[in-house]
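The values are calculated or read from the model by the stated rules, or taken from the named source; none is laboratory data. Quick caveat: nothing in here was measured; it's all calculated off a predicted structure. In this analysis, Cβ positions are derived from the backbone assuming ideal geometry, glycine residues included, and neighbour counts consider all displayed protein chains.
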Amino acid sequence: MAQDAKVEVALNCPVPMPAKDAVLLGHGSGGRMSADLLHSILLPALRNPVLDQLNDQAVVEFGGARLAFTTDSFVVKPLFFPGGDIGALAVNGTVNDLAMGGARPLFLSLALILEEGLPMEQLRQVVESIRVAAAIAGVTVITGDTKVVEKGSGDGIFVNTSGIGVVPPGIELSADRAKPGDRVLLSGTIGDHGITILSQREGLEFASEIASDTAALHTLVADMLAASPEIRCLRDPTRGGLSSSLNEIAARSRVGIELEERSIPVRDEVQGACEMLGLDPLYVANEGKLIAIAGPEGAEDVLAAMRKHPLGRDARMIGTVTASRPAMVTMRMRLGTSRIVDLLAGDQLPRIC
Amino acid sequence: MKYLDEYRDERIARGLVAMIAQRATRPWVLMEICGGQTHTLMRFGIDELLPKGVEMVHGPGCPVCVTPLETIDKAINIASRPGVTLISYGDMLRVPGSRTDLFHVKANGGDVRIVYAPTEALKFARANPGRQVVFFAVGFETTAPANAMAVWQAKREGLRNFSMLASHVLVPPAIRALLSSRRNRVQGFIGPGHVCTVMGYREYEDLIREFHVPIVVGGFEPVDLLEAILMLVTQLEEGRAEVENQYVRSVTYQGNLHAQKILGEVFEVCDRKWRGIGGIPESGLNIRQEYADFDADRIFGTQGVTADEPAECISAEVLQGLKKPTDCPAFGVRCTPENPLGAPMVSSEGACAAYYQYRRHLVGAKGSA
């Protein structure tokens, strides 16, 4: 049949829309379109050995110390949501990017882009939230900038934070270090943040108990690193969800990753919202969860350490790294079948029915 | 989670698979009509569980996929005009028209928005009287009543800035078209559970009298689909051809009479082109003359927009179940969800995208899966 098809089918379908002539929202989704943007425009221009690592943070040796450096921008809508706000996200997100490199976070910068007309009270609230989050995380905001744009040119507040931390000697975490036989650990339930934000969006308000999981994960990381030297890689699965982070690791390490559906924790409220909206929790954003790839010898110790920490209470072993199907993430389903956990092209779109 | 876990239960599923294997003494070709069912089959890997002789082919029930090219072009045309806000369901935005898609219209300054329900578009129209708000409504009998309701309500309120670009399609005429084809291979159908929740299943009895094929109205979870397959195989093995209802927790014989009433009030049956298949008589719904003031096609004068689809595109064969997505030489190579060459690669309910998203790891292992 396939051979027949080759002879018979002259492909003359509608011309595809190459997403190359303009930036689309999907380019910011964390999926394949984001990766394309990186590889077609940013890396060719700015390529260097540190950037090429494509980790959540850069680690460089300077003056005898190993410094971790990262930056992240926050454009969330609404600005305030159950469990947090844009200020808490901006601190925790950057602290977590440092922590995923094994670094102890030290200093943050804070840049605010404010839209004309933003109520001063909202700005005060966000700044207060930044103060509290920084205090909890033990980091200091040591420099900053503010800009104001015309009404309509922004969306209330955009926040950028950069962070510097120090990586203790002997710690080498990177997405290209996963090996067949390694275990995949997850620190808790997935999808909480993304579904919380969705539930607040205009036109979709649904009553729910879900709150964002935004939290600084560096103390959890410190406990894990103390438990075993076998950790190869850490990632916090933010936009694009669990799937994007695992696909990145699988691609960078040239390994396969096989997940167990039954071991991935999802709250009932999150599962319910996803079923209703036609979304898959594997692609929904998290802000206070991490994935660890750990060698088989140390995985149990790491898992035990995670479970002792308040932010890793629900930690599970969710899969293994395999030599087969390199660069692909698959999932063994409850029914005994398997499916691909693909990197999405752009944003996950709600299905019609 | 209640109403979910029991329909994904491993033991029940395995039991049904064993019974299907036991009943099936000959090969059977079955089609699930609805894109939501295709999605479940692929996502849960039901094809891996079925005995070799029971083959599932994937029907034309993805509303995004079968929306004709010219309708997408009309939406793009309307959305590109100043003062217009075009509102639709999420996955319509990525469907390629002849030259561009709605995401690109949005990137170029068009006001294109996503909602979950047409009433949200109404709300937006009320709040923004200065803008012409157009709801781009696609879908089967499932989504049509809510869309009809939006138009009905707009008329009642005398909303002057709301209209609808409607491209609804009906399932029974599509089944009739498939069964009338000389190349038809399908011996039994899993009927569309949500469509039948609205319409009931009286119409399907006519099909059975005409074509003598069994139809089992099925749900959308793995256990639903396996039970529907078992019911179909049982009928086929016993030489019966009846309409049966597997999805009893949602579907009744008469369906939702209120929904049918509003549907008949606002829409009328018309001939309709299906992307990938072609024209099917009396297979669509148009806005009635009485509601012409809310028909975006008339208001914006886009009735004349036409677009020819290449007849040789394999999507025609895929949507009729004559070929599997993996039989296409472009599948996964030149045609991917980022760059869909044809409609079934666009929505995750489309057969090609569902294969690509969930099943392509098995293509090498099992031949053309």
Out of the range B:301-360, which residues are in a helix (DSSP H, G or I) and β-branched (Val, Ile, Thr)? B:VAL318, B:THR326
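Please specify each residue of the range B:109-125 satisfying the condition of being facing chain A (nearest Cβ under 8 Å) and either more than 22 Å from the chain's Cα centre (by Cα) or in a helix (DSSP H, G or I) (or both).
If the condition is that a residue be facing chain A (nearest Cβ under 8 Å) and either more than 22 Å from the chain's Cα centre (by Cα) or in a helix (DSSP H, G or I) (or both), then B:GLU120, B:LYS123 are the ones that fit.
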What is the one condition in (1) over 29 Å from B:LEU362 (Cα atoms); (2) surrounded by 22 or more Cβ atoms within 10 Å (Cβ to Cβ) that B:PHE331 does not satisfy? (1)
Which numbered condition trips up A:GLY295, out of (1) farther than 18 Å from A:ARG235 by Cβ; (2) touching a residue at least 40 places away in the same chain (Cβ under 8 Å)? (1)
Can you find even one residue in the range A:60-69 that is within 14 Å of another protein chain (Cβ to nearest Cβ), surrounded by 13 or more Cβ atoms within 10 Å (Cβ to Cβ) and either assigned to a strand (DSSP E or B) or within 20 Å of the chain's Cα centre (by Cα) (or both)? no
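Has the range B:322-329 got at least one residue that is among the hydroxyl-bearing types (Ser, Thr, Tyr) and closer than 21 Å to B:MET92 by Cα? Give the steps one after another, and end with the answer.
Residues of the range B:322-329 among the hydroxyl-bearing types (Ser, Thr, Tyr): B:326.
Within this subset, residues satisfying the condition of being closer than 21 Å to B:MET92 by Cα are none.
Scanning the range B:322-329, I find no residue that is among the hydroxyl-bearing types (Ser, Thr, Tyr) and closer than 21 Å to B:MET92 by Cα, so the answer is no.
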Counting only residues that are farther than 23 Å from A:VAL75 by Cα and assigned to a helix (DSSP H, G or I), the range A:17-38 contains a total of 0
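So which of B:VAL248, B:VAL213, B:VAL217 is free of Cβ contacts under 8 Å to residues at least 40 places away in the same chain and either outside any loop (DSSP other than H, G, I, E, B) or closer than 25 Å to B:VAL134 by Cβ (or both)? Steps first, please.
Values: B:VAL248 fails: either outside any loop (DSSP other than H, G, I, E, B) or closer than 25 Å to B:VAL134 by Cβ (or both); B:VAL213 fails: either outside any loop (DSSP other than H, G, I, E, B) or closer than 25 Å to B:VAL134 by Cβ (or both).
Every option except B:VAL217 fails the conditions.
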Per the filter on the range B:313-351, residues more than 8 Å from chain A (Cβ to nearest Cβ), modelled with pLDDT of 75 or more and farther than 19 Å from B:VAL186 by Cα are B:PHE331, B:GLY332, B:VAL333, B:PRO344, B:MET345
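Looking only at the range A:216-225, count every residue that is touching a helix residue (DSSP H, G or I) at 6+ places or on another chain (Cβ under 7 Å) and surrounded by fewer than 24 Cβ atoms within 10 Å (Cβ to Cβ) and tell me the total. Steps first, answer last, please.
Of all residues in the range A:216-225, those touching a helix residue (DSSP H, G or I) at 6+ places or on another chain (Cβ under 7 Å) come to A:216-218, A:220-221, A:223-224.
Filter once more, so that each one left must be surrounded by fewer than 24 Cβ atoms within 10 Å (Cβ to Cβ): A:218, A:223.
Final tally of qualifying residues: 2.
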Being without any contact (Cβ under 8 Å) to a residue 60 or more places away in the chain and polar (S, T, N, Q) is the filter here, so list the residues in the range A:83-133 that pass it. A:SER109, A:GLN122, A:GLN125, A:SER129
Is it the case, given these coordinates, that A:LEU43 is over 15 Å from the mean Cα position of the chain (by Cα) and in contact (Cβ under 8 Å) with a residue 12 or more places away in the chain? no
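Looking at the range A:46-59 only, could you name the residues that are touching a residue at least 12 places away in the same chain (Cβ under 8 Å), surrounded by fewer than 19 Cβ atoms within 10 Å (Cβ to Cβ) and not hydrophobic (A, V, I, L, M, F, W, C)?
Filtering the range A:46-59 down to residues touching a residue at least 12 places away in the same chain (Cβ under 8 Å) leaves A:53-59.
Checking which are surrounded by fewer than 19 Cβ atoms within 10 Å (Cβ to Cβ) leaves us with A:53-54, A:58.
Matches in the range A:46-59: A:GLN53 only.
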If you scan the range B:74-93, which residues turn out to be modelled with pLDDT under 95 and charged (D, E, K, R)? B:ASP91
For the range B:48-71, name all the residues that are under 19 Å from B:PRO192 (Cβ atoms) and touching a Ser or Thr at 6+ places or on another chain (Cβ under 8 Å). B:HIS58, B:GLY59, B:GLY61, B:CYS62, B:PRO63, B:VAL64, B:CYS65, B:THR67
Filter result for A:ASP223 (under 20 Å from A:LEU279 (Cα atoms), touching a His at 6+ places or on another chain (Cβ under 7 Å) and in contact (Cβ under 8 Å) with a residue 60 or more places away in the chain): no
Do we have B:ALA137 as more than 11 Å from every other protein chain (Cβ to nearest Cβ), under 23 Å from B:THR197 (Cα atoms) and surrounded by 22 or more Cβ atoms within 10 Å (Cβ to Cβ) here? no
Please indicate, with yes or no, whether at least one residue in the range B:293-303 is within 11 Å of chain A (Cβ to nearest Cβ) and without any contact (Cβ under 8 Å) to a residue 24 or more places away in the chain. no
Taking the condition of a type in the set (A, V, I, L, M, F, W, C), buried (at least 19 other Cβ atoms within 10 Å of the Cβ) and under 29 Å from B:ASP91 (Cβ atoms), does B:VAL213 pass? no
Which of (1) over 20 Å from the mean Cα position of the chain (by Cα); (2) among the small types (Gly, Ala, Ser); (3) buried (at least 19 other Cβ atoms within 10 Å of the Cβ) does A:ALA304 not meet, given it meets every other one? (3)
Subset of the range B:257-279 (residues that are surrounded by fewer than 21 Cβ atoms within 10 Å (Cβ to Cβ), in a strand (DSSP E or B) and touching a residue at least 12 places away in the same chain (Cβ under 8 Å)): B:GLU268, B:VAL269, B:CYS270, B:ASP271, B:GLY278
